[in-house]
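Student: Can you keep this structure in mind? I'll have questions shortly.
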Amino acid sequence: MSTQKSYISTDIDFDREGKHIGRLRLPYSRNTSGWGIIPIPIAVVRNGSGPTVLLTAGNHGDEYEGQITLNTLIRTLEPRHIKGRVIILPAMNYPAAMAGRRVSPFDGVNLNRAFPGDPDGTPSQQIAHYVSSVLVPMADAIMDLHSGGYSMRMLPTAIIYRPSTPELLERVIGAARAWGCPLGILFDDLGERRTFDAICRDAGLLKLGTELAGGGTVSVEALAFAETGIWNLLKYFGVLVASPPAPRHPCPRSGPMRLTEITGPEAYVYATGHAIFEPAFRLGDEVAAGQVAGWQHYLDEIERDPVPLHFHKGGLVACTRGPGWIEPGDLATLVVTDTTG
Ligand SMILES: [Zn+2]
């Protein structure tokens with residue numbers, strides 16, 4: 001990562017006691033705003049010494065439950081609840097969040113493929129650099145809240161990016177269980193190195209992610225998991241010292257977390273045509289290798305039979321396409337399997 005200092009400044013003093021709400025100011029000169037900034041919302045709650053927890057959402061702008069959860073937390077978390085410090089970014093890629101899009105309209109960059117970032121780069125690259133070089137070094141534990149976004153629907157899931165040591169893996173799995181979703185997925189994003197997860201792994205940090213629902217919607221069930229889970233996590237991370245406020249939504253009952261993994265490329269089923277995708281399953285179904293995953297319908301060629309897509313391996317269906325329309329290379333579905341080790 002570049003040693004160049006970030007252009008981003010802030011009116012927040014991270015060391016001050018109490019609750020402070022402000023903005024990160026990213027200078028961005030554009031046609032409509034010559035000396036303008038991008039104001040990225042941030043809140044810091046501090047009470048004495050203790051661990052620092054960094055909570056982020058809006059990494060992808062079209063994933064809403066996490067943004068609502070952290071926005072609610074900013075209003076309800078008070079210094080008396082904690083010992084230590086909680087830093088909250090409810091709309092980390094603010095331009096993408098304001099547009100309700102996965103990537104930023106200013107640069108077309110997916111923030112979660114821009115880490116560790118570039119201080120002289122585009123707005124998204126500068127945000128990634130600030131998070132990597134300023135916020136992450138302050139943190140003892142990190143949670144980044146995602147949902148499937150417009151293009152995917154997910155089961156409410158704790159996402160565990162494989163850490164580098166067995167000790168850290170045990171702690172992250174403990175955090176995932178504390179988070180409270182019925183499903184945990186271990187993976188390494190097919191070796192991806194440009195994500196928030198990857199830089200936290202490389203720094204040896206305790207980092208948990210989540211996929212909450214998606215499809216470009218706001219799910220009450222996912223919100224219920226997230227709003228209770230975030231307080232559970234603050235407790236697990238050793239920051240919470242008082243009872244949290246009553247949840248707005250009762251947390252759905254779920255048994256112990258089922259720990260699964262994405263084994264590799266064979267877990268993913270991709271579209272092959274420009275078509276309407278009819279799934280042959282429901283989220284949460286158990287499927288077998290070779291089973292039909294769904295059909296691609298070609299309404300511009302009504303003589304043509306629908307073309308089936310097949311699961312390449314068996315397991316639990318954890319993700320499906322959000323919109324009905326699908327194009328070659330779009331993810332149609334994903335299966336996860338119980339961990340073996
Ligand atoms: Zn996301």
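The values are calculated or read from the model by the stated rules, or taken from the named source; none is laboratory data. Just so it is clear, the structure is predicted and the values come from calculations on it, not from any experiment. Note that we place each Cβ from the backbone using ideal geometry, even for glycine, and neighbour counts take in every protein chain shown.
Student: How many residues does region 187-197 contain that are modelled with pLDDT under 95 and not acidic (Asp, Glu)?
Tutor: Total satisfying the criteria: 4.
Student: Could you please find all residues in region 173-203 being under 15 Å from residue 141 (Cα atoms), among the small types (Gly, Ala, Ser), out of contact with any Phe, Trp or Tyr (no Cβ under 8 Å at 6 or more places or on another chain) and not in a loop (DSSP other than H, G, I, E, B)?
Tutor: Hit for region 173-203 is 176, nothing else.
Student: Under 8 Å by Cβ, and 6 or more places apart or on different chains, what pairs join a residue from region 147-158 that is under 14 Å from residue 183 (Cα atoms) and aliphatic (A, V, I, L, M) with one that is part of a loop (DSSP other than H, G, I, E, B) and near the ligand (Cβ under 9 Å from one of its atoms)?
Tutor: Pairs found: 154/147; 154/148.
Student: Here's something else I'd like to know. Across region 63-80, which residue is farthest from residue 18 (Cα to Cα) among those that are surrounded by fewer than 21 Cβ atoms within 10 Å (Cβ to Cβ) and in contact (Cβ under 8 Å) with a residue 40 or more places away in the chain? Before you say what the answer is, go through the steps one by one.
Tutor: Step one: list which residues in region 63-80 are surrounded by fewer than 21 Cβ atoms within 10 Å (Cβ to Cβ), which gives 68, 71-72, 74-76, 78-80.
Still in the running and in contact (Cβ under 8 Å) with a residue 40 or more places away in the chain: 68, 72, 74, 76, 78-80.
Numbers: 68: 22, 72: 17, 74: 12, 76: 13, 78: 8, 79: 6, 80: 9 Å.
Among those residues, the one meeting the criterion is 68.
Student: Still on this structure: Quick check, is residue 60 away from the ligand (no atom under 14 Å from the Cβ) and in contact (Cβ under 8 Å) with a residue 12 or more places away in the chain? Step through it out loud before you land on a result.
Tutor: Details: away from the ligand (no atom under 14 Å from the Cβ): no; in contact (Cβ under 8 Å) with a residue 12 or more places away in the chain: yes.
Answer is no for this residue.
Student: Of the numbered conditions (1) more than 15 Å from the ligand (Cβ to nearest atom); (2) surrounded by 23 or more Cβ atoms within 10 Å (Cβ to Cβ), residue 157 satisfies every one except a single condition; which is it?
Tutor: Single failed check for residue 157: (1).
Student: Identify, from the list 255, 315, the residue that is under 28 Å from residue 182 (Cβ atoms) and assigned by TED's automatic domain parsing to the domain that holds residue 187.
Tutor: On the way: 315 fails: assigned by TED's automatic domain parsing to the domain that holds residue 187.
Going through 255, 315 in turn, the sole match is 255.
Student: Which of (1) in contact with a Leu (Cβ under 7 Å, 6 or more places away or on another chain); (2) basic (Lys, Arg); (3) free of Cβ contacts under 8 Å to residues at least 12 places away in the same chain is the odd one out, the single condition residue 258 does not satisfy?
Tutor: Result: residue 258 fails condition (3) only.
Student: Run residue 243 past the list (1) more than 20 Å from residue 87 (Cβ to Cβ); (2) surrounded by 17 or more Cβ atoms within 10 Å (Cβ to Cβ) and report the number of the one that doesn't hold.
Tutor: (2)
Student: Exactly one condition in (1) within 16 Å of the ligand (Cβ to nearest atom); (2) small (Gly, Ala, Ser); (3) without any contact (Cβ under 8 Å) to a residue 40 or more places away in the chain is not met by residue 91; state its number.
Tutor: Tallying (1) within 16 Å of the ligand (Cβ to nearest atom); (2) small (Gly, Ala, Ser); (3) without any contact (Cβ under 8 Å) to a residue 40 or more places away in the chain, residue 91 fails exactly one: (3).
Student: Can you pull out every residue in region 161-178 that is free of Cβ contacts under 8 Å to residues at least 60 places away in the same chain and either within 16 Å of the ligand (Cβ to nearest atom) or not β-branched (Val, Ile, Thr) (or both)? Give the derivation first.
Tutor: Quick first cut of region 161-178, residues free of Cβ contacts under 8 Å to residues at least 60 places away in the same chain only: 161-172, 178.
Scanning region 161-178 gives 161, 162, 163, 164, 166, 167, 168, 169, 170, 171, 178.
Student: Condition test on residue 102, is it assigned by TED's automatic domain parsing to the domain that holds residue 136 and within 12 Å of the ligand (Cβ to nearest atom)? Reasoning before the result, please.
Tutor: Working: assigned by TED's automatic domain parsing to the domain that holds residue 136: yes; within 12 Å of the ligand (Cβ to nearest atom): yes.
Judged against the criteria, residue 102 is a match.
Student: Is there a residue in region 236-247 that is closer than 23 Å to residue 186 by Cβ and in the same structural domain as residue 151 (by TED's automatic domain parsing)? It would help to see each step written out before you state the result.
Tutor: Step one: filter region 236-247 for residues closer than 23 Å to residue 186 by Cβ, giving 236-237.
If we keep only those that are in the same structural domain as residue 151 (by TED's automatic domain parsing) too, we end up with 236-237.
The answer is yes; a qualifying residue exists.
Student: Residues 165, 69, 122: which one is closer than 19 Å to residue 212 by Cβ and among the hydroxyl-bearing types (Ser, Thr, Tyr)? Steps first, please.
Tutor: On the way: 165 fails: closer than 19 Å to residue 212 by Cβ; 122 fails: closer than 19 Å to residue 212 by Cβ.
None of the others qualify; the one that does is 69.
Student: Filter the strands (runs of 3 or more DSSP E) completely within region 277-341 down to those with at least 2 residues that are under 21 Å from residue 212 (Cβ atoms). Break it down stepwise before answering.
Tutor: Numbers: elements: 292-297, 307-310, 315-321, 331-338.
Those strands (runs of 3 or more DSSP E) span 315-321, 331-338.
Student: Among (1) modelled with pLDDT under 95; (2) more than 14 Å from the chain's Cα centre (by Cα), which single condition is residue 172 missing?
Tutor: Of everything listed in (1) modelled with pLDDT under 95; (2) more than 14 Å from the chain's Cα centre (by Cα), residue 172 misses just condition (1).
Student: Here is a further query. Considering (1) assigned to a helix (DSSP H, G or I); (2) among the hydroxyl-bearing types (Ser, Thr, Tyr); (3) within 16 Å of the ligand (Cβ to nearest atom), say which one residue 133 fails and leave the rest.
Tutor: Every condition holds for residue 133 apart from (3).
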